[in-house]
Every structure is written in C-alpha cells, then in structure tokens.
Amino acid sequence: MFKLILKVTVLSMLFGMMVYMLPKESSANSELYLANEDNTRAIELYQKIMNYLDGNQEIKYAGAYIDESNTLNVGLVPENKEQTKEVISSLAGNLPIKFYNVKYSFEVLENAKEIFKKEVNGKYNITSLDISEKENKLVIGLQPDSYSTSMRNFNLQKGKEELFERMQIDAEDIIFIEEEPLTTQARTDSNQDEKLGGIRITSPNPQGNTEESTLGFGVIDTTGKYGFVMSGHPVKGVGTWVSQGGGVGQVTTDRLTNRKSDAAYVRTSSGKVVSGTIYGGYRINAHYGWANMPVGAEIMQHGISTNVTTGTITSRQKEVYFSSNYKYNSGGMTMLVEATYKSASGDSGGPVTGKINSSVYVQLLGIHVGAKGSRAYYSPVDIILTELNLSRPLYSKDGNVKN
C-alpha cells in the first residue's frame, strides 16, 4: 500500500511539474502546442539525412515532405536511385519512411527557377516563384487580373523551346497559378520591462507613419552587444528609433538591396533588458535554418494580433512579390518559407518556432513577414543572422542580459 501511494505521489509531482513548466498560454491548449512525437521523429530523420547529404556529392537531394500520417517521404531521381534508397533506408533504421520517383533533383529545379526568372524579368505580373517538392515541378504565381494575358504572351513567346532546353526541364513541369501579391502585416495605429519575442513594438515606417509590429527574438551581435531582431518593412532604416512604452533602441543594421530576409537588427540602449524567451513563457533552446525543416513540419507563430497559431510548412524556398510600397529589392523577397499558420495585421516580425518539445522548449525558426490567402510567410533565422551580421539568437539559458 505504501509503495502504491508513493508511486501515485511521484507521478502526481511529475505531472504537476510538467504543467508548471508549460508556457502559461499553452497549458489550456497543450495538445495544440505540444510537438507531435511522430512529426518530431520525421523532422529529426530529415535533418539526419540532410547532414549526410551535405558532404556527399554522389547522392542528389530530390525533395522531401512529411505526409498526413507524419511519415517522411523522400524523392528519388533515376541516377543512383537504388544506391540512394539503400543509404537513406539505412539512415532511417526502424523509423517509417517512404520514397517517390521524380524527374529532377532539387538543384536542377533551383537552376531552372533562376533561368526562368532572368528570362521573364519585367515581362509578366509575377507574384511568386517556387519549387513544389511534392510534385517535383516549378510553380509560377501570376496576378489574377493579368493571368490570361500573361499566359497568352508566354505561350506566344519566341524561343520558348530554347528556354526549356536551357532550364533542363519539360514544359509540362511548370505550373502556373493565379494568386494575389503578398501583403505585409505591420499595422498603423503597455510597456514590457523585459524585451522578449512576441511583444508589441512601434516604429516609423518608410512613409513616415507609426506602425505596430511584433518583436522577433533577442540576439548577440558579432561585437558581443545585445539587441533584438524585428521585421524590416515597418522601419525607415538604420538610425530609426524603435519604441516599447518608450525608446528601447535604434536600428543598427538594415541593408536595402540584395536582401533575402525581411529583418532589421535593433541594438538595445544601455540598461534595456533582452532575453531568449517568447511572450507567454516559451523558452528557446536552439535554432534551425530553412534547410533543416522539411515540408510538412509542424510549427507555431507568436504575434501580437493572433497570439499563438499553428500550421505546417508548405514550401521552403519561395520567392514572392509584394502588393505595394515594399522597401526591399524593388518589391520582392527571394528566400521565404511558406506555411499554413494564421496571421493578421500587427503580426509582422513575430517569432516562428517549432512546437514545444519533450524538454518543454521551442526551437527558433525565423520571423513572420506577411500573408496572402490561406498562406503565411516567414524569413528563416539562418538567413537573418547572416545578413544582419549577428552571432546567434539568445537562448533562455542566457537569462536576462543588457548592454
């Protein structure tokens, strides 16, 4: 009887600790925000495969995705098909894995996208350029109001056969879709002593209006100074003061051309505290770049308008064009990840993370940029760190820090 009571007591204590350690906003919806074990295993298997392929030139990556049953599917090109299948099956061990046959490696489709982009630059109202890893095709988005005209002009274009020859793909492997341009989600319109991801910040935008957006994540720059990353489109540029119940710091890095991330670095003023935590108690313990998260991976977005929303990655390397007044790259961004989480005006800059893992942490993936239709877009953390000359994100173990 004593042993039974002891076991029940210990289990109750452990369960109580788990509830206590969960972020306060996730405890009521723990199933929604906790990582699915099967999805997590599929992500980890994908990362293991990608690490192997990184140093192996003989095996070509040809796309991958996690399906509805949380099983990783890996594409196989005709070259070295059996060898690739054998190697990847060995890496998977006892974990479930599926294979599907495709025509092209991911590298071939990337090259085809770049050739197509240069060829049609300025000729059509293109809203996006993408690679579908599920379908192994190039996907071109066109504005609805000019879709028919663009398609007719493309079909009548001289030298089209020569273009496909240079792209090294067949005409049937380009999909044209109708879609609106992407819309950014800062908005024009409580002070938090600790500057952490997911809280409201304000800044003057390129047009001189004050915009509200969401703080992304705390960082250490390459000089050892502290600050945070926010979305780049709500600020004028370098020197812009960002406020959160008063000025908290100035934009230090925000290059306008040749950008792959919609992000700016704010070095915080002396005495202003930053941390590696996201509002609601979500603790960051690692970060993963775009190449480490497959299509089908479950993720979360933390914004001031929608709070915490969940979804899955649908595309990992999408080039998109914006509706109007977008300050970077003459209106486009080349390296966004597409996902299904919901977002709203004010969520721009909100941290995007994996779901809560078994250690009750989240992994940082990037910051929210904008949305169109049922799809949302974020800039990957690895691209942000490189472009803004930052060392790494702050983790919760770093505690509260200040310059």
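The values are calculated or read from the model by the stated rules, or taken from the named source; none is laboratory data. This structure is a prediction, so every number in the text was calculated from the model and none was measured. Heads up, the Cβs are rebuilt from the backbone with ideal geometry, glycines too, and the neighbour counts pull from every protein chain shown.
Could we say that Y326 is part of a strand (DSSP E or B), under 21 Å from E179 (Cβ atoms) and not assigned by TED's automatic domain parsing to the domain that holds V238 here?
Answer is no for this residue.
Take the residues in the stretch 252-285 that are assigned to a strand (DSSP E or B) and more than 22 Å from the chain's Cα centre (by Cα), then tell me which one is surrounded by the most Cβ atoms within 10 Å (Cβ to Cβ). Spell out the reasoning first.
Let us first name the residues in the stretch 252-285 that are assigned to a strand (DSSP E or B), namely 252-253, 264-268, 273-278, 282-285.
Within this subset, residues satisfying the condition of being more than 22 Å from the chain's Cα centre (by Cα) are 252, 267-268, 273-274.
Numbers: T252: 20, R267: 19, T268: 25, V273: 18, V274: 28.
Looking at the filtered set, the residue picked out is V274.
Looking only at residues in the stretch 127-145 that are assigned to a strand (DSSP E or B) and of a type outside the set (V, I, T), which one is surrounded by the fewest Cβ atoms within 10 Å (Cβ to Cβ)? Quick ask: steps written out before the conclusion?
Taking the stretch 127-145 first, the residues assigned to a strand (DSSP E or B) are 127-132, 137-142.
With the extra rule that they be of a type outside the set (V, I, T), the set shrinks to 128-130, 132, 137-138, 141-142.
Details: S128: 23, L129: 21, D130: 23, S132: 17, K137: 21, L138: 23, G141: 25, L142: 21.
Per the stated criteria, the residue is S132.
Across the stretch 290-317, what is the number of residues that are among the aliphatic types (A, V, I, L, M) and outside any strand (DSSP E or B)? Outline the logic, then answer.
Taking the stretch 290-317 and keeping what is among the aliphatic types (A, V, I, L, M), we get 291, 293, 295, 297, 299-300, 304, 308, 313.
Narrowing the set further to residues that are outside any strand (DSSP E or B) leaves 291, 293, 297, 304.
The qualifying residues number 4.
Which number in (1) buried (at least 18 other Cβ atoms within 10 Å of the Cβ); (2) touching a Ser or Thr at 6+ places or on another chain (Cβ under 9 Å); (3) modelled with pLDDT under 90 marks the one condition that G245 misses?
For G245, the failing item is (1).
Under 28 Å from E133 (Cβ atoms) and basic (K, R), is that true of R259?
Numbers: under 28 Å from E133 (Cβ atoms): yes; basic (K, R): yes.
Answer is yes for this residue.
Condition first: part of a helix (DSSP H, G or I) and surrounded by 12 or more Cβ atoms within 10 Å (Cβ to Cβ). Now tell me which residues in the stretch 87-99 satisfy that. So that I can check it myself, show each step before the final result.
If we filter the stretch 87-99 for residues that are part of a helix (DSSP H, G or I), which is where we start, we get 87-92.
Of everything in the stretch 87-99, those that are part of a helix (DSSP H, G or I) and surrounded by 12 or more Cβ atoms within 10 Å (Cβ to Cβ) turn out to be V87, I88, S89, L91, A92.
Considering each of I43, I88 in turn, give the residue that is modelled with pLDDT of 85 or more and touching a Pro at 6+ places or on another chain (Cβ under 7 Å).
Working: I88 fails: touching a Pro at 6+ places or on another chain (Cβ under 7 Å).
None of the others qualify; the one that does is I43.
Mind counting the residues in the stretch 334-369 that are within 13 Å of the chain's Cα centre (by Cα) and at negative phi? First the steps, then the outcome.
At the first step, the residues of the stretch 334-369 found to be within 13 Å of the chain's Cα centre (by Cα) are 334-341, 348-354, 363-369.
Right, trim to at negative phi and you get 334-341, 348, 350-354, 363-365, 367-369.
Summing the residues that are within 13 Å of the chain's Cα centre (by Cα) and at negative phi in the stretch 334-369 gives 20.
Working only within the stretch 54-69, note down all residues that are crowded, with 18+ Cβ neighbours inside 10 Å and out of contact with any Leu (no Cβ under 7 Å at 6 or more places or on another chain). Give the derivation first.
Residues of the stretch 54-69 that are crowded, with 18+ Cβ neighbours inside 10 Å, as a first pass: 59-66.
Matches in the stretch 54-69: K60, G63, Y65.
Scan the stretch 190-197 and give yes if some residue there is buried (at least 18 other Cβ atoms within 10 Å of the Cβ), at pLDDT below 90, of a type outside the set (F, W, Y) and within 21 Å of the chain's Cα centre (by Cα), otherwise no. Reasoning before the result, please.
Keep residues of the stretch 190-197 that are buried (at least 18 other Cβ atoms within 10 Å of the Cβ), which gives 195-197.
Then keep just the ones that are at pLDDT below 90; that gives 195-197.
Those left that are additionally of a type outside the set (F, W, Y): 195-197.
The next check asks that each one be within 21 Å of the chain's Cα centre (by Cα); those that pass are 196-197.
The answer is yes; a qualifying residue exists.
Evaluate the following for T340: is it surrounded by fewer than 24 Cβ atoms within 10 Å (Cβ to Cβ), in contact with a Gly (Cβ under 6 Å, 6 or more places away or on another chain) and not assigned by TED's automatic domain parsing to the domain that holds T71? Explain how you work it out, then say what you get.
Values: surrounded by fewer than 24 Cβ atoms within 10 Å (Cβ to Cβ): yes; in contact with a Gly (Cβ under 6 Å, 6 or more places away or on another chain): yes; not assigned by TED's automatic domain parsing to the domain that holds T71: yes.
Here the answer is yes, as T340 does meet what is asked.
Condition first: of a type in the set (D, E) and either crowded, with 24+ Cβ neighbours inside 10 Å or closer than 20 Å to T306 by Cα (or both). Now tell me which residues in the stretch 204-237 satisfy that.
Initially, the stretch 204-237 is screened for residues of a type in the set (D, E), giving 211-212, 221.
Answer for the stretch 204-237, where residues must be of a type in the set (D, E) and either crowded, with 24+ Cβ neighbours inside 10 Å or closer than 20 Å to T306 by Cα (or both): E211, E212.
Listed here are the residues, each with its yes/no results for (1) of a type in the set (D, E, K, R); (2) modelled with pLDDT of 95 or more; (3) assigned to a helix (DSSP H, G or I); (4) farther than 28 Å from Y282 by Cβ.
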| site | (1), (2), (3), (4) |
| --- | --- |
| A62 | no, no, no, yes |
| N73 | no, yes, no, yes |
| E79 | yes, no, no, yes |
| E82 | yes, no, yes, yes |
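What residue, among those in the stretch 348-361 that are of a type in the set (A, V, I, L, M, F, W, C) and modelled with pLDDT under 95, is surrounded by the fewest Cβ atoms within 10 Å (Cβ to Cβ)?
The first filter runs over the stretch 348-361 and keeps only residues of a type in the set (A, V, I, L, M, F, W, C), leaving 352, 356, 360.
Now narrow it down to the ones that are modelled with pLDDT under 95: 356, 360.
Values: I356: 22, V360: 18.
For the stretch 348-361, the residue satisfying everything is V360.
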